[in-house]
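The values are calculated or read from the model by the stated rules, or taken from the named source; none is laboratory data. This one's a predicted model, so the numbers in the text were calculated from it and none came from an experiment. Glycine gets a Cβ as well: all are built from the backbone with ideal geometry, and neighbour counts include every protein chain shown. Areas reflect the complete protein model, heavy atoms only, side chains present, ligands, DNA and RNA absent. Shrake-Rupley method; radii C 1.70, N 1.55, O 1.52, S 1.80 Å.
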Amino acid sequence: MKIDIDKDITYLRGVGEKRASQLEKIGITTVRDLITHFPRLYEERNNIKTIGEFLFGEYVLFKAKIINKIVTRRARGKLIVSSFFVGDNTGTIKIVVFNQQFLINTLKEGEEYAFYGKVEGNVLRFEMHNPEIVSSNKIETISGIKPIYPLTKGITNNYIISLMRTLINESLEMEEIFTNEFLNKYDLYNINKAMNEIHFPSSLDEIEKARHRHVFEELYLYQLALMSIRLKQEKQTNMPMKNTDISKLIKLLNFELTNAQKNTIKEITKDLSSDKVMNRLVQGDVGSGKTIVAAIAMYIAVINGYQAAIMAPTTILATQHYEDLKPMYDKLGIKTQIITGKTTKKQKSEINKLLLNGEVNILFGTHAIIEEDVEFSKMGLVITDEQHRFGVRHRMELAKKGEKVNTLVMSATPIPRTLAMTMYSDLDLSIIDELPAGRKVIKTNAVYVNESMEKRINTFISKELDKGRQVYVVCPLIEENEDLDLTAATSLYEQYKNEVFINYNVGFLNGKMKNKEKDEIMTKFKSKEIDLLVSTTVIEVGVNVPNATIMVVEDAERFGLASLHQLRGRVGRGSYESYCILKTKKQALSSMKRLKIMESSNDGFNIAEQDLELRGPGDFFGTRQHGLPEFKLADLMKNMTTLKLATDAAKHTMSDDPGLKKEENQKLSNEFKRKFKEQLEYAN
Ligand code: ADP
Ligand code: MG
């Protein structure tokens, strides 16, 4: 039988309404979602150990005889506890089993069984709780390689395994989107073998090969999508902006541009004056001076008779840009306006009129302005600042706004150049890899905190506050742990406010607040009505409070170094000596080692690379935080080699059959359309 892969999950035997709603929590609503719910790791149970070899805390597979009578007693409430000793000729271990009378009744003293479980107890006596137990001649039923799946409440690993088994053993046959020739050329498993081996691997080697197929497919399709977008963009023509004389603006600056800024401006100018539409990403570390680069790009648009817009993620940031740049534009006779969450309907419609009449040259605002019906008379350039969440979808949204609009995206997330080029192959890339001269290094200390250290830090903070400076204290607020984290942050705030820093104004900002409330608190901090701000990680990248000189990070080991670097960038923005204190309670050497990297480097790219080396890209490139494309299996950093292969393959396909029109590419084309429907609507 052939299962329709896009059928609802309830179509499967063993999945009712209740299960379906639990499965939905881990993103499974269709059969396809289930089959592509890949194991996150595997348990290897190939090695049969003897008791003498056991190490405390490890999971082991072993055979042993029951050497005494099984004792069963009723403990608290309904708990039934059975225990007995088992042994081989190297030692003994106590087995404890809870509430499994059925199993216990089948066990016999003196017989040999196979066990799998975790070695617990203490150095004097090993114990194992609720191991898997089968007779020793059936050991193969609990040995081998076991997939471990991402789970949620109510859904056990064994349940997922049983669903997968139904799918794979009985009926599911997936459609192969690649031709045999393609599979051979790139040495890929066909889809059914790849599915089989990833869920029920016959060896570790096979897992690698099966994963390779899936990763390749994901990256290949992703690259095809980017390339079709690019193809479309290249066809677009543009009204070239021939006037590139920026000297009037440059004269107004009270600093010299860095070489990196000059180069980036050159690249942008070249794009704008050409007859192709600009699609450029500017990456530059915190404080590298991206704003002025954006300002110059907008200036070029305006002196060529176009309008420009710059968008930031929050009202605070948008307002900050506006206040920073308006005086300069005023002097140049350029008319500016701003639309944020605070703008009233009436104001908005007035601004809209001005935009349509061409009486506004540059519009500042939040990202929301691309979703609203703001209309321009002659839009020539859209800039998105501090954009971490720009997947393919977001980029499409932007481009839709005006078919021929030049776009510039600015990001402070440091990604190594080669990776960025492949990840954003639909964008050109400029990197500002130099900070303005004379920047003060922020003195950074990673400290293990105990009570006396805590006191020292607080004394230090009070001294800075007495000098009139301001302080940030950031606590982690991680989604999985939100409630717990929020409680911790709240109680720290109360402690600071009521016990430790009673003579100062202590404020609290957290990720659960409404945007309006957050803005109010940030504004109070800016105007120094708040001296010390306790906050979960919502302090936006780019917020500028030059009077703030200390950044304290609680439980710093829970942050990626890139995030810590961004947080640290909130201080050292004025002329005062500034400090960053990274607190940790975790005594593990590895977390201290990571934090120490922050003491020795101030360079975002360098920190990002070292962080990657130490702990792999998972945390650093957490999709939630940075909006990198979400893949099921592929990991852009870990799978660099595959990424390269897939990119080459996609290039080949695009040059051979750009519209995927050929007969042999029909199945590929269908899958591509299914996956990138929205994007294609734009690209076609
Ligand atoms: P980011 O790249 O983080 O957005 P900003 O554009 O906010 O950085 O710049 C940070 C600060 O550096 C601003 O106060 C800006 O005026 C200043 N700045 C920018 N370029 C230079 C330069 N070449 N020399 C000195 N200061 C500069
Ligand atoms: Mg900025």
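Surface composition of the chain: carbon plus sulfur atoms hold 49% of the accessible area, using a 1.4 angstrom probe and ignoring ligands, DNA and RNA.
Once the Cβ-Cβ distance between residue 655 and residue 448 is put in as r, and R0 is 45 Å, what FRET efficiency do you end up with, to the nearest 0.05? Rounded to the nearest 0.05, the efficiency is 0.20.
Percent relative contact order of the stretch 1-59, based on C-alpha pairs within less than 8 angstrom and at least six residues apart? About 30 percent, as a whole number.
Normalised per residue, the accessible area of the chain is 49 Å², obtained with a 1.4 Å probe and no contribution from ligands, DNA or RNA. So which trypsin sites (Lys or Arg not before Pro) in the stretch 114-178 pass both tests, a DSSP loop state and at most 14 other Cβ atoms within 10 Å of the Cβ? Within the stretch 114-178, the qualifying trypsin sites (Lys or Arg not before Pro) (loop, at most 14 other Cβ atoms within 10 Å) are 125, 153. Relative contact order of the chain, taken over Cα pairs closer than 8 Å and 6 or more residues apart, is 13 percent. Here the label points at residue 354 and residue 176, each 7 Å from Cα along the C-beta direction, are separated by 6.3 nm in the simple model. Based on the alpha carbons, how large is the Rg to Rh ratio for the chain when Rh follows Kirkwood? Answer for the chain: 1.03. Multiplying the residue separation of residue 152 and residue 94 by 0.36 nm and subtracting their alpha-carbon distance yields 17.7 nm. Based on DSSP H segments of at least four residues, each scored -39500 (n - 2.57), the chain has a per-residue ellipticity at 222 nm of -12000 deg cm²/dmol.
The simple Förster model, with R0 at 22 Å and r as the Cβ-Cβ distance, assigns residue 632 and residue 162 a FRET efficiency of 0.55. Distance between the 7 Å Cα→Cβ label points at residue 49 and residue 102: 2.9 nm. In the stretch 207-292, the alpha-carbon atoms span a convex hull of 128 Å³ per residue. Bridges between two residues of the chain, per DSSP, are antiparallel at a rate of about 40%.
Residue 324 exposes around 90 Å² of accessible area when a 1.4 Å probe is run over every protein chain in place.
Gain on full extension, evaluated as 0.36 nm per residue between residue 529 and residue 237 minus their Cα-Cα distance, stands at 100.0 nm. Heavy atoms of the protein only, probe of 1.4 Å, neighbouring chains included. What is the accessible area of residue 30 in Å², nearest 10? Here the accessible area works out near 30 Å².
Kindly provide the trypsin sites (Lys or Arg not before Pro) of the stretch 466-555 that DSSP labels as loop, not H, G, I, E or B, and whose Cβ sees at most 15 other Cβ atoms within 10 Å. Those satisfying the criteria are 467, 512, 514, 528. Available extension along the chain between residue 72 and residue 247 is 54.1 nm, counting 0.36 nm per residue and deducting the alpha carbon span. Projecting the Cα atoms of 383, 163, 177 onto the charge dipole of the chain (Cβ charges, centred on the Cα centre) puts 383 farthest toward the positive pole. Projected label points at residue 669 and residue 26, each 7 Å from Cα along the beta carbon direction, are separated by 3.7 nanometres. Relative contact order for the stretch 154-250: 17 percent, from Cα pairs under 8 Å spaced at least 6 residues apart, divided by residue count. When restricted to Cα atoms, the stretch 83-166 yields an Rg and a Dmax of 14.8, 44 Å, respectively.
Over the stretch 51-104, the hull volume per residue, using the convex hull of the C-alpha atoms, is 96 Å³. The spacing between the stretch 544-614 and the stretch 460-496, judged by their C-alpha centroids, is 16 Å. Note on the chain: dipole from Cβ charges, positive end direction compared against 15, 598, 278; the farthest Cα belongs to 598.
Classify the stretch 221-373 from the C-alpha gyration tensor, please: rounded if a/c falls under 1.5, else prolate or oblate depending on whether a/b exceeds b/c. Rounded shape, in that the Cα axes give a/c under 1.5.
Bridging of residue 661 to aspartates and glutamates at a Cα separation below 16 Å is possible for 671, once same-chain residues fewer than 8 apart are set aside. If only the Cβ of Lys and Arg carry +1 and only the Cβ of Asp and Glu carry -1, the dipole of the chain around its Cα centre is close to 1080 debye.
Taking chymotrypsin sites (Phe, Trp or Tyr not before Pro) as exposed when their DSSP state is a loop state and no more than 16 other Cβ atoms lie within 10 Å, the longest site-free interval of the chain runs over 256-630.
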